[in-house]
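A short worksheet on the structure shown next.
The values are calculated or read from the model by the stated rules, or taken from the named source; none is laboratory data. Remember, it's a predicted structure, so these values are computed and weren't measured experimentally. Note: ideal-geometry Cβ built from the backbone for every residue, glycine included; neighbour counts use all protein chains shown.
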Amino acid sequence: MTSVIDTETAPLVDFRGATLSIGDRTLWAGLDLSIARGEFVAILGPNGAGKTTLLKALLGLMRLSAGSVTVAGKHPSRGSADVGYVPQQKIFDPDLGLRGRDLVALGADGHRFGVPWSKRAVRQAADEVIQAVGAHAYADAPIGKLSGGEQQRLRIAQALMSDPQVLLCDEPLTSLDLRHQEGVLDLLDRRRRDCGTAIVMVTHEINPILPFVDRIVYLVGGKWAVGTPDEVLTTERLSQLYGSPVDVLRVRGRVIVVGGGESPELSHHCGPETLSA
Amino acid sequence: MSDMWLMLHYSFAQHALLAATLIALTCGLVAPFVVMRDMAFAVHGTAELSFTSAVAGLLIAGDAVRGALVGSLVIATAFALLGRRPREGNTAIGVVLAFGLGLGVFLLSFYNGFASAATNILFGSLVTASTGDVLVLGGLALIVVVVMVVIFRPLLFASVDSAVASARGVPVNALSLVFLVLLALTVTEAAQVVGTLLVLSLAITPAASARRWTADPLKFVAVSVAFALIAADGGFLLSLALSDTDIKASVLIAFVSFAIYLVSVVAERLRPETGRQVSGAVA
């Protein structure tokens, strides 16, 4: 797999000494992280470590307590066309009066007041994006009647409508079976290769993403580690982060994180959750 | 049947038909969003509480309609303030509703006027609509239609996916409040025609029926308006045709509305599933 990361141009995401606290709880402190054009970065860590909050900071929905962050060279602001967002999956109601095509078009003009319908240019652009993500076969069906994987493709299509430079995905693989997980990952990988879009993905699933990601950000209880999967997912590094013994096992090409007294079956996703609280 | 056309020469019947049409238009327009935002209970709550404010209006100013209109704004604000977090909504409505209904009955015990004024509030009374009432309804309908058209896309976005809408810069909370106020105005209007107790038949049923025919949001709204018009005008004309039986128009409106729903459900069952050529093949 040839690298598509473009380190020549200015980074698309740039955290410098970034700290985010909610009340008196510090989610992460002094975070330094630059994400280049075309880079695929996964954010891992136990629940409550501030993974989604990191995305919210990039969306301009949360302000840092200290330090700075830029997205595509600018301060994050709500509604920026530079950022696409695929939220944590919420399955649409089966009875919702909306087709996939309409969901996608909202990505381009859903924030516009005025006429109730989309302009022809938006409808055409939506059609092209739908083709590109391979969702044309079911784009006219009521969205609530589609499978989780189909809905996820349409959400990604919606996020791509503003032609973003950075695509933020929150747990896009949850509740998908292996085949659909691979489909979604392929789609994201293709996007960054074709368009240089930086992909930032919050996830609990380590193994499906390993063939695709360039770097991992691991957040645990206020501390963080950034590096390639081989650098971060080691017994030493994670034990240091968690402040207690954690074992990283590599079995038949799979990474298994064991720690905090949990059984491997429970902790193979994201490590010792019980330590995070 | 010839009675029906004859009666339409009278101004009371013309006013009533006009009022029914205006109310159906606004109800049909907001109904799809009521369904999408799962606000049936808010409609029910606003409708029942418009009874309280109508009684208050009757008591203070001798005018139920204007009392209900002012009251609906108070109610919308109360719902919005008490139910700011999404899951609190229904609980807040329940709390306000329980107190409000009690207050309405309490106020009614001070009212010494015609008892029919109170039953009109509960079951609606088209035929008493005056020129002034029709003008008020027309003004309200105009406001609701214009605002709904202008906020249509952001409201749709916020209704189907508030997280992404918010990230894309849609003022989700402000839109919620605006819609709540529009809904309160619409429901209060509808309560004049079909009465507090039957409001759901114009503010929800047309959308539930329309959804059986299409998932395209614009067609969904258009069909919903059409169904509301058929129910309201059709129900009223039926009541003229059956004028010697003394069946209230509101009852017939509710019946027609429900009949459309039944037909729509059956039609959906009979129709082959459309818009989905390949079933889950690529994902």
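Among (1) farther than 26 Å from residue A:8 by Cβ; (2) β-branched (Val, Ile, Thr); (3) away from chain B (no Cβ under 14 Å), there is one condition residue A:156 misses while meeting the rest; what is its number?
So the condition that residue A:156 fails would be (3).
Going through region B:195-235 one residue at a time, which ones are without any contact (Cβ under 8 Å) to a residue 60 or more places away in the chain and in a loop (DSSP other than H, G, I, E, B)?
B:212, B:213, B:214, B:216
Going by what's in this entry, would residue A:219 be described as assigned to a helix (DSSP H, G or I), at pLDDT 90 or above and within 21 Å of residue A:59 (Cβ to Cβ)?
On the way: assigned to a helix (DSSP H, G or I): no; at pLDDT 90 or above: yes; within 21 Å of residue A:59 (Cβ to Cβ): yes.
In short, no.
Anything in region A:31-50 that is farther than 16 Å from residue A:227 by Cα and either out of contact with any helix residue (DSSP H, G or I) (no Cβ under 7 Å at 6 or more places or on another chain) or basic (Lys, Arg) (or both)? List them, or say none.
A:37, A:48, A:49, A:50
Is at least one residue of region A:163-178 surrounded by fewer than 21 Cβ atoms within 10 Å (Cβ to Cβ), more than 17 Å from the chain's Cα centre (by Cα) and more than 8 Å from chain B (Cβ to nearest Cβ)?
Within region A:163-178 (the criterion being surrounded by fewer than 21 Cβ atoms within 10 Å (Cβ to Cβ), more than 17 Å from the chain's Cα centre (by Cα) and more than 8 Å from chain B (Cβ to nearest Cβ)), the answer is yes, since at least one residue qualifies.
Please work out which residue is farthest from residue A:176 (Cα to Cα), limiting yourself to region A:76-94 and to residues that are part of a strand (DSSP E or B) and not hydrophobic (A, V, I, L, M, F, W, C).
A:84
Within region A:179-192, which residues are within 12 Å of chain B (Cβ to nearest Cβ) and touching a Phe, Trp or Tyr at 6+ places or on another chain (Cβ under 9 Å)?
Within region A:179-192, A:186 is the sole residue that qualifies.
Show me the helices (runs of 4 or more DSSP H) entirely contained within region B:111-194 in which 2 or more residues are more than 14 Å from chain A (Cβ to nearest Cβ). Full working, then the answer.
On the way: elements: B:115-123, B:131-160, B:162-167, B:172-194.
The helices (runs of 4 or more DSSP H) meeting that bar are B:115-123, B:131-160, B:172-194.
Suppose we filter region A:115-135 for residues that are more than 26 Å from the chain's Cα centre (by Cα), more than 8 Å from every other protein chain (Cβ to nearest Cβ) and exposed (fewer than 14 other Cβ atoms within 10 Å of the Cβ); how many remain?
Going through region A:115-135 one residue at a time, the tally reaches 4.
Exactly one condition in (1) within 8 Å of chain B (Cβ to nearest Cβ); (2) buried (at least 24 other Cβ atoms within 10 Å of the Cβ); (3) under 30 Å from residue A:255 (Cβ atoms) is not met by residue A:87; state its number.
(2)
Looking at region A:97-114, I want the residues that are more than 7 Å from chain B (Cβ to nearest Cβ) and have a partner that is among the polar types (S, T, N, Q) and surrounded by fewer than 24 Cβ atoms within 10 Å (Cβ to Cβ) with Cβ atoms under 7 Å, at least 6 apart or on another chain. Which pairs are those?
A:105/A:118; A:107/A:162; A:108/A:162
Within region A:31-76, how many residues are polar (S, T, N, Q) and within 26 Å of residue A:9 (Cα to Cα)?
3
Could you check, for region A:205-213, whether at least one of its residues is at pLDDT 85 or above, farther than 30 Å from residue A:21 by Cβ and not in a loop (DSSP other than H, G, I, E, B)?
Yes, the conditions are met somewhere in region A:205-213.
What pairs come out if I take residues in region A:182-197 that are at positive phi and pair them with residues that are surrounded by fewer than 20 Cβ atoms within 10 Å (Cβ to Cβ) whose C-beta lies under 9 Å away, six or more apart or interchain?
A:196/A:4; A:196/A:6; A:196/A:9
From B:72, B:50, B:109, which residue is modelled with pLDDT under 85, more than 19 Å from the chain's Cα centre (by Cα) and of a type in the set (Ser, Thr, Tyr)? Spell out the reasoning first.
Values: B:72 fails: more than 19 Å from the chain's Cα centre (by Cα); B:50 fails: more than 19 Å from the chain's Cα centre (by Cα).
Selected residue: B:109, the only one of B:72, B:50, B:109 that is modelled with pLDDT under 85, more than 19 Å from the chain's Cα centre (by Cα) and of a type in the set (Ser, Thr, Tyr).
Per-residue answers, yes or no, for (1) farther than 19 Å from residue B:127 by Cβ; (2) away from chain A (no Cβ under 14 Å); (3) of a type outside the set (S, T, N, Q); (4) exposed (fewer than 15 other Cβ atoms within 10 Å of the Cβ):
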{"site": "B:214", "(1), (2), (3), (4)": "yes, no, no, no"}
{"site": "B:223", "(1), (2), (3), (4)": "yes, no, yes, no"}
{"site": "B:228", "(1), (2), (3), (4)": "yes, yes, yes, no"}
{"site": "B:232", "(1), (2), (3), (4)": "no, yes, yes, no"}
{"site": "B:256", "(1), (2), (3), (4)": "no, yes, yes, no"}
{"site": "B:260", "(1), (2), (3), (4)": "yes, yes, yes, no"}
{"site": "B:267", "(1), (2), (3), (4)": "yes, yes, yes, yes"}
{"site": "B:270", "(1), (2), (3), (4)": "yes, yes, yes, yes"}
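To keep it simple, each residue is scored yes or no on (1) in contact (Cβ under 8 Å) with a residue 40 or more places away in the chain; (2) part of a helix (DSSP H, G or I); (3) hydroxyl-bearing (Ser, Thr, Tyr); (4) surrounded by 24 or more Cβ atoms within 10 Å (Cβ to Cβ).
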{"residue": "B:5", "(1), (2), (3), (4)": "no, yes, no, no"}
{"residue": "B:13", "(1), (2), (3), (4)": "yes, yes, no, no"}
{"residue": "B:21", "(1), (2), (3), (4)": "yes, yes, yes, no"}
{"residue": "B:25", "(1), (2), (3), (4)": "yes, yes, no, no"}
{"residue": "B:38", "(1), (2), (3), (4)": "no, no, no, no"}
{"residue": "B:57", "(1), (2), (3), (4)": "no, yes, no, no"}
{"residue": "B:74", "(1), (2), (3), (4)": "no, yes, no, no"}
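Of everything in region A:37-75, what is surrounded by fewer than 21 Cβ atoms within 10 Å (Cβ to Cβ) and assigned to a loop (DSSP other than H, G, I, E, B)? Give them in sequence order.
A:47, A:48, A:60, A:61, A:62, A:63, A:64, A:65, A:72, A:73, A:75
Filter region A:137-153 down to the residues that are acidic (Asp, Glu) and either more than 7 Å from chain B (Cβ to nearest Cβ) or closer than 19 Å to residue A:173 by Cα (or both) and list them by number.
A:150
Among the residues of region A:212-236, what is the count of those that are touching a residue at least 60 places away in the same chain (Cβ under 8 Å) and of a type outside the set (A, V, I, L, M)?
Number of matching residues: 8.
Residues of region B:248-268 being more than 16 Å from residue B:28 (Cα to Cα) and β-branched (Val, Ile, Thr), which ones?
B:251, B:263, B:265, B:266
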